[in-house]
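Asker: Before we start, here is the structure in question, set down as structure tokens.
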Amino acid sequence: MADTISIEAKARQLGSILKDDQVSILAPDRVAYSRDLWPRGLIEFSAGRPAPSPPDVVVWPETTQDVVHLVEWAAGTETPLVPYGGGSGVCGGAMPRRGQVVVDLKRMDRILELDGPNHRVRVQPGMNGWTFEEVLGRSNLTMGHFPSSIFCSTVGGWLAARSAGQASTRYGKIEDMVSGLEVVTGKGEVIRTGNPGAASLGPDWTQLFVGSEGTLGIITEATLKVLPAPEMRVYRGYGFDRVSAGLEAIRRFMQKGLLPSVVRLYDEFDTVIARSGAGRGSEADTLVKEVMGRLTHLTKPMLPWVKVAALRAALSKPGWLNKLADGLLPKLTGQGCLLVVGTEGRPRLAQAEADRIHEEVLRAGGRDLGPRPGEHWEKHRYSVSFKQSGVFYSGGFVDTMEVATTWDGLLRLYEAVKTAVSPLVFIMAHFSHAYPEGCSIYFTFAGSSDDPEQGLKLYDQVWNTALAAVTRAGGTISHHHGVGRSKQAFMVEEHGDSLELFRMLKRVLDPKEILNPGKMSL
Amino acid sequence: MIGTEEDVTQDLTRAVGGEHVSSRPSDVMFYARDCWARRHLMPDDPPRHPVWVVWPGAASEVARVLQVAGRHELAVVPYGGGSNLVGGAGFGDDRPVLVVDTKRMSRVLELDETSLIVQAQAGITGGDLDEYLRVRGLFVAHMPTSLSQSTLGGWLATRSAGAFTSRYGRIDRVCMGITAALPDGSVVRTRVAPRRATGPDLMHLFLGSEGALGIITAAHLKVVRVSKVRVWLAGGFKELSQAVAAMADIMSSGTRPVVASIADPVVALRHSGQPSFMLVCSFEGDGELPVVQRDEARLLVLAHGGAYLDPAAASGFWTARRNDVFGDIIARAESRVIGEVDIGADWRHLAMVADDARGRLESMGCGVTMELGFFGLEGGALLCKWQLPEISDPEDVGLRQDEALAIVLDAARRGGGAVAHHRGVGRQRSAAVRAQLGNRFDLFADVKRQLDPKGLMNPWLTEGA
């Protein structure tokens with residue numbers, strides 16, 4: 001058993017498999033890899049527990065063969081492995097426990113083959129998102145995958161968690177972009193999925209490994225689709241009095257077969273956040289700033305302490321704040337909900353597509369706000385998740401929950417979550433990632449408490465309440481962040497009896513349960 | 001088998017009702033085969049046939065039937081339209097066989113016109129489903145040539161493709177969730193969401209499994225609103241490689257053609273009057289957008305050296321193709337001397353694979369026509385049809401057909417492509433596919449052992465693994 005081997009012994013054994021500089025048991029490394037960006041971990045951090053359960057060892061494989069040897073060693077010693085990419089996950093999916101070994105894949109970061117004529121690229125999992133797009137851009141290509149974590153996430157992490165980017169409405173989620181994988185299973189076997197077996201007997205293994213969050217295998221290579229970089233982008237903003245009207249507009253143009261790259265509908269409060277600093281300087285904006293000035297900077301990094309105190313005071317009465325946002329805010333701002341739509345591609349197509357969407361949105365009651373809101377969004381598109389909110393230093397927290405459902409139940413899902421959660425935390429939402437069949441909802445919530453221990457309690461209560469409301473309303477508990485540890489208690493509600501199929505796959509692919517155990521309710 | 005035939009018949013009667021169980025010769029002989037031509041050319045000797053055919057009416061009845069099969073250790077062959085061309089529904093060992101025909105499960109269970117999702121039972125034929133939707137201004141984004149004969153369950157089991165695949169993807173991209181009866185007699189349902197990030201997409205376990213893991217009893221499918229405008233594009237090319245390059249650019253251009261094909265000069269001549277390779281695309285939607293899409297695609301045709309042809313040639317091609325009903329395919333197969341097979345390749349190899357297959361078939365003395373279609377971003381399929389030269393000894397026909405098939409599959413392999421694209425694997429090419437799948441096939445067999453430890457379901461698909 002893993003526990004019976006000391007940390008030093010593990011390091012020695014691993015040192016005989018890998019080179020010296022590929023293995024570390026140094027405290028700074030073990031602390032650094034003890035968590036990902038699960039906000040609960042940040043609350044723990046502020047409670048004075050920077051590394052509640054550091055891994056025993058951190059290793060950096062450089063080849064698929066390295067990974068095979070690691071898995072063989074892990075199976076032999078029954079030592080769990082935790083695959084690690086950018087560490088930007090927000091569900092604790094890459095968080096190890098004591099006794100486990102973190103496998104950081106960031107040294108496997110090469111493009112193996114850029115095959116322009118076939119519109120695909122073979123790439124290693126440790127490739128950084130932004131670097132990847134830059135390299136593709138030099139050949140006038142793009143993946144079209146732009147998660148807000150793009151600076152700090154990896155290709156492997158995207159695939160492991162079924163990531164979505166901001167242009168997913170046009171380009172799809174990562175599972176729509178991947179056509180093949182190389183995976184090392186828990187038995188140390190190397191499986192290559194996808195082409196040329198595109199239509200062959202048996203399951204589409206690519207779709208079974210994607211989203212398995214390192215529990216079925218370690219991804220060591222991916223074949224991804226690439227497209228010509230867009231020559232032109234067209235953005236336009238629209239105003240709606242209510243969320244429901246905006247959603248109806250989105251549903252209509254999506255079901256007409258139109259494919260915008262960006263679709264974002266903000267509810268009343270999120271609209272204020274989205275437009276903060278937009279510089280319109282209208283009276284309404286000024287008025288809002290008077291009332292809620294400090295809150296508009298909720299997600300901005302490193303609040304000055306003065307603002308933090310005010311924020312805490314405000315967040316301690318979430319019910320009042322939510323009511324304010326619901327009732328008063330639209331009147332104060334006069335802008336209701338903001339919808340941003342972007343199209344892109346070859347210039348004539350991007351323009352024609354934008355024109356068709358424009359017609360549909362106006363027909364659905366939208367007010368044309370011109371190109372500014374979209375351009376503003378583009379400027380700030382990555383400013384959300386790269387840095388953490390200062391609210392954590394005040395015993396509070398900010399977190400996001402991305403859920404989805406089909407159009408017939410979307411508004412019900414939105415209302416159900418808001419109703420359930422608003423007595424506890426301040427909550428707002430936007431709708432992005434639209435499909436002909438439905439849409440995702442991205443909730444942001446902010447809570448406050450007197451001390452971090454209380455904060456943790458509130459945090460857990462909020463998540464349990466929210467996820468219960470989601471499953472009751474028939475939504476999926478995650479659209480693109482994954483499950484990890486934070487949502488695993490709801491996997492039964494999520495999958496019903498089909499969860500047993502996932503567990504069956506686990507038995508087949510990782511019989512010794514050495515791959516990322518304790519996650520995803522396996 | 002455990003127990004007597006009478007025991008089994010009794011148990012099946014209890015499971016689905018006596019009128020839905022048959023051992024009559026006319027039934028068991030009919031269900032002994034699908035549309036695999038080779039069964040006509042070289043029939044089994046002695047002929048094999050199932051002992052029972054059952055027609056369950058719901059998932060719960062399928063589950064009960066599988067419990068009976070498990071208790072008596074029968075071999076189970078799920079059956080839909082019987083339109084499979086590669087021997088997907090046939091028999092490979094001496095165990096008594098129970099055929100489970102899904103066609104009595106033919107209802108539309110729910111239509112969600114707000115989300116454009118239909119849930120239907122697996123035994124519904126494509127024709128019935130399409131008709132149900134068309135009168136409501138909708139259609140299912142899947143249009144195989146076998147539409148009126150094949151069933152939803154058959155599409156899913158073989159991961160089928162159709163005439164609209166270039167726009168909407170194959171059936172596994174159209175399907176949003178399934179209900180399946182498992183060999184242990186339980187029923188499992190995968191949940192529907194536009195997208196999710198909560199583990200593997202578990203419906204993919206069953207899609208493409210050709211009845212080896214369980215029986216799909218119902219599915220949720222995306223449907224599409226019929227659009228107002230359809231415009232056609234036809235381009236003529238001297239070389240196949242030029243047409244392929246143009247199509248590759250069109251597929252990545254964002255013009256999103258719905259119908260997309262490249263026709264052989266022999267076929268093109270009938271519609272365009274030009275003996276050149278003809279690229280055909282349709283663009284569909286509302287307002288001006290389809291016209292802009294067509295115009296952009298036309299620029300790409302010209303950029304690759306293509307000539308702009310009268311769009312009527314494209315619509316004529318499509319009409320002829322739509323009228324090429326499945327019966328014609330069967331008639332060709334039964335003619336004994338005609339053969340056809342679907343293979344796949346990426347853009348860089350499509351033309352090469354086509355030329356390779358054509359050259360070697362022609363040196364056998366065959367007449368050859370090709371159609372390219374079912375495109376994705378990375379490549380597409382090649383439908384290769386041949387006619388054998390006159391053969392004096394009729395005994396020889398089967399062997400010559402095998403030889404022709406081997407040539408085409410080998411061409412696919414040499415081009416790094418797929419030896420089976422969208423018509424399933426069946427018995428026709430299970431050996432070739434196994435070889436190509438490598439350890440993925442063993443993994444499939446491992447999964448089968450977990451879900452079907454007694455090896456009831458289509459057992460020969462994984463024989464020897």
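Asker: Just to be sure I understand the model, the point goes 7 Å from the Cα along the line to the Cβ. What's the resulting residue A:380 to residue B:73 distance in nm?
Answerer: Label at residue A:380, label at residue B:73, 7.0 nm between them.
Asker: 222 nm [θ] for the protein assembly as shown, helices only, -39500 (n - 2.57) per DSSP H run of 4+, per residue, to 500?
Answerer: -11000 deg cm²/dmol
Asker: Out of the trypsin sites (Lys or Arg not before Pro) in the stretch A:100-185, which ones are loop residues according to DSSP with at most 16 other C-beta atoms within 10 Å?
Answerer: Listed in order of number, the matching sites are A:107, A:110.
Asker: Excluding residue A:342 itself, calculate the net charge of residues whose Cβ lies under 12 Å from the Cβ of residue A:342, where each Lys or Arg counts +1 and each Asp or Glu counts -1.
Answerer: Residues near residue A:342 contribute +1 overall.
Asker: While we're here: Under a 5 Å amide H to amide H cut-off, with H placed in plane at 1.01 Å, what residues pair with residue A:345 once short-range neighbours are removed?
Answerer: Residues meeting the amide H criterion: A:231, A:232.
Asker: Apply the Karplus curve 6.51 cos²θ - 1.76 cosθ + 1.60, θ = phi - 60°, to the phi angles in the stretch B:98-111 and return the couplings in whole Hz, x for Gly and Pro.
Answerer: So the Karplus estimates, Gly and Pro as x, are 10, 8, 9, 8, 8, 5, 6, 8, 10, 9, 7, 8, 7, 10 Hz.
Asker: Quick one: compute a quarter of the convex hull surface over the Cα atoms of the stretch B:229-323 and quote it in nm².
Answerer: Averaging across all directions leaves 5.2 nm² for the Cα convex hull.
Asker: Let me ask another. Excluding ligands, DNA and RNA, what is the accessible area buried between chains A and B, summed over both sides, using a 1.4 Å probe, to the nearest 100 Å²?
Answerer: Using a 1.4 Å probe on protein heavy atoms, the buried area is about 6900 Å².
Asker: Which value, in Å³ per residue, describes the convex hull spanned by the Cα atoms of the stretch B:326-428?
Answerer: 95 Å³
Asker: Could you grab the Rg to Rh ratio for the protein assembly as shown? Cα atoms only, Kirkwood for Rh.
Answerer: A ratio of 0.98.
Asker: If you fit an axis through the alpha-carbon atoms of helix B:59-72 and take the longest principal axis of the Cα set of chain B, what angle between them do you get, 0 to 90°, nearest 10?
Answerer: Around 60 degrees separate the two axes.
Asker: In whole Å, what is the distance between the alpha-carbon centres of the stretch B:437-456 and the stretch B:87-165?
Answerer: 25 Å
Asker: For peptide A:215-226, compute the average count of partner chain beta-carbon atoms within 10 Å of each residue's beta-carbon.
Answerer: For peptide A:215-226, the averaged partner shielding equals 1.
Asker: With θ set to phi - 60° and the Karplus curve 6.51 cos²θ - 1.76 cosθ + 1.60, what are the ³J(HN,Hα) couplings of the stretch A:101-116 in order, to the nearest whole Hz, using x for Gly and Pro?
Answerer: 10, 8, 10, 8, 9, 5, 7, 8, 10, 9, 7, 8, 7, 9, 10, x
Asker: Note the direction-averaged projected area, equal to a quarter of the hull surface, for the Cα convex hull of the stretch B:15-63, in nm².
Answerer: Approximately 4.3 nm², given one-decimal rounding.
Asker: Take the alpha-carbon centre of the stretch B:310-384, take the same for the stretch A:481-522, and report the distance between them in whole Å.
Answerer: Here the answer is 44 Å between Cα centres.
Asker: Which of the residue pairs A:457/A:512; A:173/B:228; A:10/B:454; A:317/A:487; A:519/B:448; A:256/B:103 have a Cα-Cα distance greater than 31 Å in the structure shown?
Answerer: Correct reply: A:457/A:512; A:10/B:454; A:256/B:103.
Asker: Just counting partner chain Cβ atoms within 10 Å, what average do the residues of peptide B:440-451 show around their Cβ?
Answerer: 5
Asker: If one takes the longest principal axis of the Cα atoms in chain B, at what angle in degrees, from 0 to 90 and to the nearest 10, does the Cα axis of helix B:240-251 lie?
Answerer: 80 degrees
Asker: Here is a follow-up. Got a sec to turn the phi values of the stretch B:29-40 into Karplus ³J(HN,Hα) couplings, 6.51 cos²θ - 1.76 cosθ + 1.60 with θ = phi - 60°, whole Hz, x for Gly and Pro?
Answerer: Result, ordered by residue: 6, 4, 7, 6, 7, 10, 9, 5, 4, 5, 5, 7 Hz.
Asker: Using modelled amide H (1.01 Å from N, peptide plane; none on Pro or chain starts), what sits under 5 Å from the amide H of residue B:177, excluding residues fewer than 5 places away?
Answerer: B:220
Asker: Could you list the residues of the stretch B:204-223 with an amide nitrogen less than 16 Å from a label point located 7 Å from the Cα of residue A:504 in the Cα-to-C-beta direction?
Answerer: B:204-218
Asker: So what's the gap between the Cα centers of the stretch B:216-235 and the stretch A:211-255, to the nearest angstrom?
Answerer: So the separation of the two Cα centres works out to 21 Å.
Asker: P(r) of the stretch A:35-181 in 10 Å steps, Cα pairs, percent per bin?
Answerer: Spelled out per bin, shortest first, that is 11, 36, 32, 17, 3, 0.
Asker: Please work out the FRET efficiency for the pair residue A:130 and residue B:136, using the Cβ-Cβ distance as r and a Förster radius of 51 Å; give the result to the nearest 0.05.
Answerer: About 0.65, to the nearest 0.05.
Asker: Compute the length gained on full extension between residue B:337 and residue B:435: take 0.36 nm times their separation in residues and subtract their Cα-Cα distance, giving the result in nm to one decimal.
Answerer: 32.5 nm
Asker: Please work out how much length the chain gains when fully extended from residue B:449 to residue B:13, using 0.36 nm per residue of separation minus the C-alpha to C-alpha distance, in nm with one decimal.
Answerer: Stretched fully, the residue B:449-residue B:13 segment lengthens by 154.1 nm.
Asker: Hey, another quick one. With a Förster radius of 41 Å, plug the Cβ-Cβ distance of residue B:302 and residue A:362 into 1/(1 + (r/R0)^6) and report the FRET value to the nearest 0.05.
Answerer: Approximately 0.70, to the nearest 0.05.
Asker: Run through the stretch A:15-79 and list the trypsin sites (Lys or Arg not before Pro) located in a DSSP loop whose Cβ has at most 10 other Cβ atoms within 10 Å.
Answerer: Hits after loop and neighbour filter: A:19.
Asker: Further question on the same structure: In whole angstrom, and with the biggest value first, how far do the Cα coordinates of chain B range along each principal axis?
Answerer: 69, 61, 39
Asker: Along the charge dipole of the stretch B:1-105, which of B:10, B:77, B:102 sits closest to the positive end, that is, farthest toward it, with unit charges on the beta carbon of Lys, Arg, Asp and Glu (+1, +1, -1, -1)?
Answerer: So the residue we want is B:102.
Asker: Considering only the other residues whose Cβ falls under 11 Å of the Cβ of residue A:91, what net charge follows from Lys and Arg at +1 and Asp and Glu at -1?
Answerer: Surrounding charge for residue A:91 is 0.
Asker: Something else: Under a 5 Å amide H to amide H cut-off, with H placed in plane at 1.01 Å, what residues pair with residue B:115 once short-range neighbours are removed?
Answerer: Distant-sequence amide H within range of residue B:115: A:408.
Asker: Could you work out how far apart the two model spin labels at residue A:13 and residue B:362 are, taking each label as a point 7 Å from the Cα in the direction of the beta carbon, and quote it in nm?
Answerer: Here the modelled spin labels are 6.3 nm apart.
Asker: Computed FRET efficiency, Cβ-Cβ of residue B:286 and residue A:31, R0 45 Å: what is it to the nearest 0.05?
Answerer: For R0 = 45 Å, the calculated efficiency reads 0.20.
The values are calculated or read from the model by the stated rules, or taken from the named source; none is laboratory data. It should be emphasised that the depicted structure is a prediction, and the values quoted were computed from it without experimental measurement. Note that each Cβ is placed from the backbone with ideal geometry, even for glycine, and that neighbours are counted across all protein chains shown. Quick note on the areas: whole protein, heavy atoms, side chains included, nothing else; ligands and nucleic acids left out. Shrake-Rupley method; radii C 1.70, N 1.55, O 1.52, S 1.80 Å.
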